[in-house]
């Protein structure tokens, strides 16, 4: 049976027919838009008037997002720009390091003894090259661990207590760690190798965040507020517990978005990665699409941890960090192409895309799998995507 929905107005996003009054749907797929008389030709139908006083438009597809943002709203927002949370409250942006520290002090005053202070959204690129240090965060509290995730997700700022708990308050010879005048880490930790040991000590255990049903439902509410009906969840380890929770929650008839979740190429060998992604592909549902690989090649441009070509960073910052060795990257891509698995590889800046264009361009003909190598990736879905119910 065809259902024809009546609306006050429908914005089609089609220049040849920008508006309409009715949309016909069969088995979850849109058949056409137009007037009721124009759509009657599809056959027997049921007229639904529940949207007769509403304005309808196509749902957006968000090609680069992260499910973990939903869980992050449990914590203190410290971003530069105003931002609206899943419940509709708009949080004012913090326009200086002093603003950030004041917000953290207010949040710290509400905590119980033994609780950690966790925040997110920091983006010091707007602060005239001034960076937040462990000593800045020590002014908020020297007794409880503090962690502030950057907006990019590639950098973490922590205080002295957090470094102590992680066993990292010592001279560390790593390009992701800057030492201060005392020869100790200054608290700005760049890249997964140096961030991972500290994350559980500052309330940012990613495994727990990604199995957080509250976080997934909050992320879906963010989608609704942005008009998004299909959202990419880039860089998820998709361990069994995570997949079980996502499958169960997205199966809820009232869940308002389709999630396309990509298995990150991290902490797993290339052969095992492809085997796992093939397994995940068979577990896809209408509202949870699995079976694609995400490769994070380097760091963050705004955090000056991405790899870039000459002349380098305008502020003189040293070049950034590789996250994946070239040999490993080649093997992942070769295996993915052989298995007809799509890949999104995000070389944040400009060095690594040359590797893709010179080595794999001749192989893009007559293959089902796809590789996207772009500083601003747009997800390429290998199966048809319907608008979410």
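The values are calculated or read from the model by the stated rules, or taken from the named source; none is laboratory data. Remember, predicted model here, so these are calculated numbers, not experimental data. All Cβ positions, even for glycine, are placed from backbone atoms using ideal geometry, and neighbour counts span all protein chains on display.
Output yes when any residue across segment 252-272 is surrounded by 18 or more Cβ atoms within 10 Å (Cβ to Cβ), in contact (Cβ under 8 Å) with a residue 60 or more places away in the chain, under 29 Å from residue 111 (Cβ atoms) and touching a strand residue (DSSP E or B) at 6+ places or on another chain (Cβ under 7 Å), and no when none is.
Looking through segment 252-272, none of the residues is surrounded by 18 or more Cβ atoms within 10 Å (Cβ to Cβ), in contact (Cβ under 8 Å) with a residue 60 or more places away in the chain, under 29 Å from residue 111 (Cβ atoms) and touching a strand residue (DSSP E or B) at 6+ places or on another chain (Cβ under 7 Å).
Kindly indicate whether any position in segment 118-135 is surrounded by 20 or more Cβ atoms within 10 Å (Cβ to Cβ) and part of a helix (DSSP H, G or I).
Yes, segment 118-135 contains a residue that is surrounded by 20 or more Cβ atoms within 10 Å (Cβ to Cβ) and part of a helix (DSSP H, G or I).
Could you check segment 276-326 and list, in sequence order, the residues that are in a loop (DSSP other than H, G, I, E, B), under 18 Å from the mean Cα position of the chain (by Cα) and under 30 Å from residue 252 (Cα atoms)?
Matches in segment 276-326: 287, 290, 291, 292.
Output the residues belonging to segment 327-351 that are at pLDDT below 90, assigned to a loop (DSSP other than H, G, I, E, B) and surrounded by fewer than 23 Cβ atoms within 10 Å (Cβ to Cβ).
The answer is 349, 350, 351.
I need the full set of residues from segment 156-167 which are outside any helix (DSSP H, G or I) and under 21 Å from residue 124 (Cβ atoms), in order please.
Those that are outside any helix (DSSP H, G or I) and under 21 Å from residue 124 (Cβ atoms): 156, 157, 158, 159.
Among the helices (runs of 4 or more DSSP H) lying completely within segment 185-233, list those that include at least 1 residues that are closer than 16 Å to residue 160 by Cα.
In segment 185-233, the matching helices (runs of 4 or more DSSP H) lie at 192-195.
Quick check on residue 140: is it in contact with a helix residue (DSSP H, G or I) (Cβ under 9 Å, 6 or more places away or on another chain), under 24 Å from residue 300 (Cα atoms) and crowded, with 20+ Cβ neighbours inside 10 Å?
No.
So for segment 101-110 (the condition being modelled with pLDDT of 95 or more and under 24 Å from residue 287 (Cβ atoms)), does at least one residue qualify?
no
Please verify whether residue 321 is in contact with a helix residue (DSSP H, G or I) (Cβ under 9 Å, 6 or more places away or on another chain), surrounded by 18 or more Cβ atoms within 10 Å (Cβ to Cβ) and over 27 Å from residue 121 (Cα atoms), treating the condition exactly as stated.
In short, no.
Restricting to segment 195-212, and then to whatever is closer than 18 Å to residue 117 by Cα and in contact with a helix residue (DSSP H, G or I) (Cβ under 7 Å, 6 or more places away or on another chain), can you tell me which residue is surrounded by the fewest Cβ atoms within 10 Å (Cβ to Cβ)?
Filtering first and then ranking leaves 205.
Residue 215 - would you say it is surrounded by fewer than 14 Cβ atoms within 10 Å (Cβ to Cβ) and either farther than 18 Å from residue 60 by Cα or without any contact (Cβ under 8 Å) to a residue 40 or more places away in the chain (or both)?
No; evaluated as a whole, the condition is false for this residue.
Taking the options 157, 129, name whichever one is on the phi > 0 side of the Ramachandran plot and within 26 Å of the chain's Cα centre (by Cα).
Testing whether each residue is on the phi > 0 side of the Ramachandran plot and within 26 Å of the chain's Cα centre (by Cα) leaves just 129.
Taking the criterion of being under 18 Å from residue 77 (Cα atoms) and touching a strand residue (DSSP E or B) at 6+ places or on another chain (Cβ under 6 Å), would at least one residue in segment 172-185 satisfy it?
Within segment 172-185, not a single residue is under 18 Å from residue 77 (Cα atoms) and touching a strand residue (DSSP E or B) at 6+ places or on another chain (Cβ under 6 Å).
Which of the helices (runs of 4 or more DSSP H) found entirely inside segment 1-110 contain at least 2 residues meeting this: under 28 Å from the mean Cα position of the chain (by Cα) and surrounded by 16 or more Cβ atoms within 10 Å (Cβ to Cβ)?
Result: 68-72, 97-109.
Which condition does residue 316 not pass, out of (1) in contact (Cβ under 8 Å) with a residue 40 or more places away in the chain; (2) over 28 Å from residue 230 (Cα atoms), if it passes all the others?
With (1) in contact (Cβ under 8 Å) with a residue 40 or more places away in the chain; (2) over 28 Å from residue 230 (Cα atoms) applied to residue 316, the lone miss is (1).
Mind listing just one residue for me: the one in segment 232-247 that is over 18 Å from residue 295 (Cα atoms) and in contact (Cβ under 8 Å) with a residue 24 or more places away in the chain and, of those, surrounded by the fewest Cβ atoms within 10 Å (Cβ to Cβ)?
241
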